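The values are calculated or read from the model by the stated rules, or taken from the named source; none is laboratory data. Computed from a predicted model, the values in this text were never measured in an experiment. Cβ placement follows ideal geometry from the backbone for every residue including glycine, while neighbour counts extend to all protein chains displayed. Side chains are part of the model used for accessible areas, which takes the heavy atoms of the whole protein and leaves out ligands, DNA and RNA. Shrake-Rupley method; radii C 1.70, N 1.55, O 1.52, S 1.80 Å.
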Amino acid sequence: MTRLEAAAAEAKILALTPSAQGRCPEPVPLTQASGRILAEAVTSNLDIPHWDNSAMDGYALRSEDVSRASPESPVSLTVTQSIAAGPAAVAAIAPGQAARLFTGAMLPPGADTVVMQEVTHRQGDRVEIQVAPRPGEFVRQRGSFYQAGTPLITPGIRLGGPEIALLAAAQCSQVQVFPYLRVAILSTGAELVAIDTPLQPGQIVDSNQYALAVLVQQAGAMPLPMGTVADHPEALARAITTARLKADMVISSGGVSVGDFDYVDSTLKDLGATLHIQSVAVKPGKPLTVATLPPSPDKPAMLYFGLPGNPVSALVSFWRFVEPALRKQSGLRDHWSPCFIQAHTTQALQSEGNRETYLWGRLEAGCQFYPATGSYSSGNLVNLAGTNALAVVPLGTKVLAAGDPVTVMLVGQR
Ligand code: AMP
Ligand code: MG
């Protein structure tokens, strides 16, 4: 099978990824909707603002009464009432009258404009207006931000603080969201042990299990850690079969290279899966298996990602290739692809030139990329810590000098 370039691999993966439409939305209280993806359009029967109200502390009046007001010849009006935010006005404003009012207070009938208190002078029940306001100034008109019955918020977006604020203001106490995408995570390798197992010579902790669970969760899906599997075809087949029963997508790490104990691809074929990708022109992370597990009576077909075992390769492959699929299948309407931005590298970046190369480091304010210190080895977890971005050295480029522009892929929560 050919080795695909990164962009082509991503496009192929997204084309293979089902949308969330087949998954039945579930209702959740708004208080539990943070981070969930909205599954239905929301319409409110409330205008926003709900009524004409003041944007300032000041005086509500009829603009025509004060159209000639100036600091030299202020216009004096009678203050007939004081309106706090909350209660409705008690009386209308007649010519020559004004109402004292405060930010958020309802405008009294008859008034069309608010003059802020800084350009007024109050004496007893009179107020002098020292400027001629623009008619309608400092009035937040009913329905000027949103009109009842029109779409308030469209489906396919992740609900964060701003969206929850809007839904709360519109009295939507419950929303329909897509169910969490369940992602089974398997680690393959006879050398892998759990975090609290004393290490025997040759053994290492299955760190990918922990890392991938975090990445899945950060991408808005539900990780299902399935533990480790030995490098053995039958054990692997059993583990994949169990994983697919519980999940909507399966990810494994390790066992996709060309070693004698790399059984993932052959096991997938034995299980009737279709292999779409086996290798990508990317460093780190050259071996990458993307397959579709066939449907069974109780499960639809589902995507399988076999990531390389090296810890950095596994994470980079996840960010570059799994996360877009996960975002699409979770129900996001758009922005599935990683976020690439233009930055400058503070130090020289090297590549062999024959694969698109992702170098980890930190993007700091002003779009400066600081490469990680220490060795760029796909097995080096140590200098991966602190990474928030990957600099991308394009295919065919061997070096980018300090100060050169560089495309950077943002990683982590977004
Ligand atoms: P593999 O892709 O199976 O050939 O593994 C490549 C390297 O990654 C080997 O050094 C493995 O020990 C290591 N590795 C594989 N799986 C994991 C894992 N789950 N956690 C940490 N390291 C791993
Ligand atoms: Mg292995």
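For the reader, a short list of remarks on this structure follows.
- Residue that is nearest to R362 (Cα to Cα), among those in region 384-394 that are touching a Gly at 6+ places or on another chain (Cβ under 7 Å) and either at pLDDT below 95 or in a strand (DSSP E or B) (or both): A389
- Residue in region 269-283 that is within 16 Å of ligand 2 (Cβ to nearest atom) and open to solvent by less than 30 Å² (accessible area, probe 1.4 Å) present: no
- Single match in E191, E234 (criterion: more than 30 Å from the chain's Cα centre (by Cα), open to solvent by 30 Å² or more (accessible area, probe 1.4 Å) and within 21 Å of V312 (Cβ to Cβ)): E191
- Only one of the numbered conditions (1) assigned to a loop (DSSP other than H, G, I, E, B); (2) of a type outside the set (D, E); (3) at positive phi is not met by P198, and that is (3).
- With respect to the conditions (1) assigned to a loop (DSSP other than H, G, I, E, B); (2) open to solvent by 60 Å² or more (accessible area, probe 1.4 Å), T80 lacks only one, and its number is (1).
- Residues of region 173-214 that are touching a helix residue (DSSP H, G or I) at 6+ places or on another chain (Cβ under 7 Å) and away from ligand 1 (no atom under 13 Å from the Cβ): S173, Q174, V175, F178, L181, R182, V183, A184.
- Any hit, region 313-327, residues being surrounded by fewer than 23 Cβ atoms within 10 Å (Cβ to Cβ), at negative phi and basic (K, R): no
- The test for being open to solvent by less than 60 Å² (accessible area, probe 1.4 Å) and in a strand (DSSP E or B) holds for I185.
- Residue in region 137-164 that is nearest to S330 (Cα to Cα), counting only those that are within 22 Å of the chain's Cα centre (by Cα) and open to solvent by 60 Å² or more (accessible area, probe 1.4 Å): T154
- Hey, S257 open to solvent by 50 Å² or more (accessible area, probe 1.4 Å), on the phi < 0 side of the Ramachandran plot and in a helix (DSSP H, G or I) or not: no
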